[in-house]
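Each remark here refers to the structure printed beneath this line.
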Amino acid sequence: MDMVKLIPAIKKYEWGTTDFLPLLFGFPPDGQPYAEAWFGAHGSGPAIVKGTGIPLDEFLIRNPAWLGDAHAKAFGNRLPMLLKVLSIQKPLSIQCHPTTEQARAGFEKEKELHATLPRSEWNYQDAERKAEILCALTPVTAMCGFRPFTEVDSILCKLIPFSYRSYFPEVVHRAPQVIRDNDDVGGDELLSLFFRRLYTLEPDALASCIREYMESLRVSRELKDTSGDGLFLEPKGIVMNAVREYPGDPGLFAPFFLNVMHVKPGQAIYLQPGTLHAYVKGNGVELMSASDNVLRGGLTHKKVDVQELMSVMEVKGWRPSPVPVEKDAAGRTRYLTPAGEFMLCEASQGTYDVSGRTSLELLLCTEGSAILVAGGEKLTLGAGDCALVSAGLPSYVLDVTGKVFTASIPPVA
């Protein structure tokens, strides 16, 4: 046996939708928000090997050959990736994830506090880095990385002219010279200064900023809530959707100092450690490092440690773009990222001869159906089904009528 099906761990969070995951995975909707489906060996929600009742983490311990020798040398018996389906009705918290070095140092630094602090108060849940890629199944709106300072300065001058001058005088004073000199380094310094000041304002000052901001958005005829086709939220729409739940949150300004991305179905965004971001609306397949390290930066009722957040966050103005792709040897679409612990491919409408395998793989069918054939084994996948394929299987043929995502570990150099 080299192929089995997995049953996902379903997660209910308040930002989830009520219908997408029930329809995909075939369980009745009950009006509750279903946000994530996990296919992995994560201790907080391991998938179950269908027909056995065995959690995937335990299954891999019992069957280490499924991971393969190359995997064992690089990662031991740990599965370093986690495959998810996300269904987003309301914005997730603004957040950032650490690099390996930051995670190890932060986790070690907090060890003494672990015995006395509840886990929800830890900044670092483990000593692992966290990167992620999200591929859109439906139109997805996301915030990703800081806009260039010149753009942020122009926006602030228009939306909060009084508050900008009153509460951010250092930024306002230096801005003209930085802009005139096309000084990107200086601009990034001012972005950092603005962010720190915004997130450490006294409550009365922050409330004053938000009042001016919301009034400017309310009367603006230029700014729209949604894209022209109605498929995506624009910055103003993100704010209007969030302000009811987070009326005094500095993260309300994020849609105008972070880039707002409109990710079309089939496109993907990659978030490397240090990137401040938030998924806002839509449905997608996410593949990420199997880490719980999240430092939050607003639009949340959970802990926000501004000092620690800024120690891991990269403040650099840039313009993100969808992840580039290429065809792999089997003809699948491979999403190109620098991640060493995961790799995402997509196959649709066709037959794929997959050979030269060295990694365990997760194959998730998100629409239509697919048939996996290897030697004497045959496995049929319908929408919502996920197969686990052993690294010990040298090759297989995948016949797809619909769409299948494959999560694997990149070859070790």
Seminar exercise, completed: Contour minus Cα-Cα span, Val397 to His301, at 0.36 nm per residue, comes to 29.8 nm
Exercise. Spin-label point model (7 Å from Cα, Cβ direction): what's the Arg104 to Ser220 distance in nm?
Worked result: 4.4
Problem set entry | Integer Hz, Karplus 6.51/-1.76/1.60 couplings in order for the stretch 365-377, x for Gly and Pro | 8, 9, 7, x, 8, 8, 10, 9, 10, 8, x, x, 9
For this session: Taking 7 Å along the Cα-to-C-beta vector as the label spot, tell me the Asp353-Leu193 distance in nanometres, rounded to one decimal.
Result: 6.3
Seminar exercise, completed: Largest-first semi-axes in Å of the equivalent ellipsoid built from the Cα gyration tensor of the stretch 274-413 are 34, 16, 15
Exercise. What is the fewest-to-most order of Trp122, Trp66 by other Cβ atoms lying within 10 Å of their Cβ?
Worked result: Trp122, Trp66
For this session: Treat the count of other C-beta atoms within 10 Å as a stand-in for reagent exposure and order His301, His42 from fewest to most.
Result: His301, His42
Seminar exercise, completed: Exposure proxy check on Ile54, Ile238: fewest-to-most Cβ neighbours within 10 Å is Ile54, Ile238
Seminar exercise, completed: Long-range amide H partners of Ser369, meaning residues 5 or more apart or on another chain whose placed amide H is closer than 5 Å, are Thr401, Gly402, Lys403
Exercise. Loop-only check: which chymotrypsin sites (Phe, Trp or Tyr not before Pro) in the stretch 306-413 are DSSP coil with at most 13 other Cβ within 10 angstrom?
Worked result: none
Exercise. FRET efficiency for Ser166 and Leu23, Cβ-Cβ distance as r, R0 = 51 Å, nearest 0.05?
Worked result: 0.55
Seminar exercise, completed: Gyration tensor on Cα atoms of the stretch 1-69, a ≥ b ≥ c root eigenvalues, a/c under 1.5 rounded, else prolate if a/b beats b/c, else oblate, says prolate
For this session: Report, in deg cm²/dmol and to the nearest 500, the calculated mean residue ellipticity at 222 nm for the chain, where each DSSP H run with n ≥ 4 adds -39500 (n - 2.57) and the sum is divided by the residue count.
Result: -8000 deg cm²/dmol
Problem set entry | Rg ratio (alpha-carbon, reference 2.2 N^0.38 Å) - the stretch 85-145 | 1.43
Exercise. To the nearest 0.05, how large is the calculated FRET efficiency for Ser227 and Ser369 if R₀ is 30 Å and r is the Cβ-Cβ distance?
Worked result: 0.40
Seminar exercise, completed: Per DSSP, the loop-located trypsin sites (Lys or Arg not before Pro) within the stretch 247-305 having at most 16 other beta carbons within 10 Å are Lys302, Lys303
Seminar exercise, completed: Here D for the stretch 140-312, in µm²/s, from Stokes-Einstein with a Kirkwood Rh over Cα pairs at 37 °C and 0.692 mPa s, works out to 192
Seminar exercise, completed: Phi angles of the stretch 127-135, converted by Karplus (6.51 cos²θ - 1.76 cosθ + 1.60, θ = phi - 60°) into ³J(HN,Hα) in whole Hz with x for Gly and Pro, give 9, 10, 6, 9, 10, 7, 10, 10, 9
For this session: Could you grab the relative contact order for the chain? Cα pairs under 8 Å, six or more apart, rounded to a whole percent.
Result: 23
For this session: Please report Rg over Rh for the chain, where both radii come from the alpha carbon positions and Rh follows the Kirkwood definition.
Result: 1.00
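Read the figures in this text as sums done on the coordinates, not as results from a lab. All of these numbers come straight from a predicted model, not from anything done at the bench. Neighbour counts run over all protein chains shown; Cβ positions are idealised from the backbone, glycine included.
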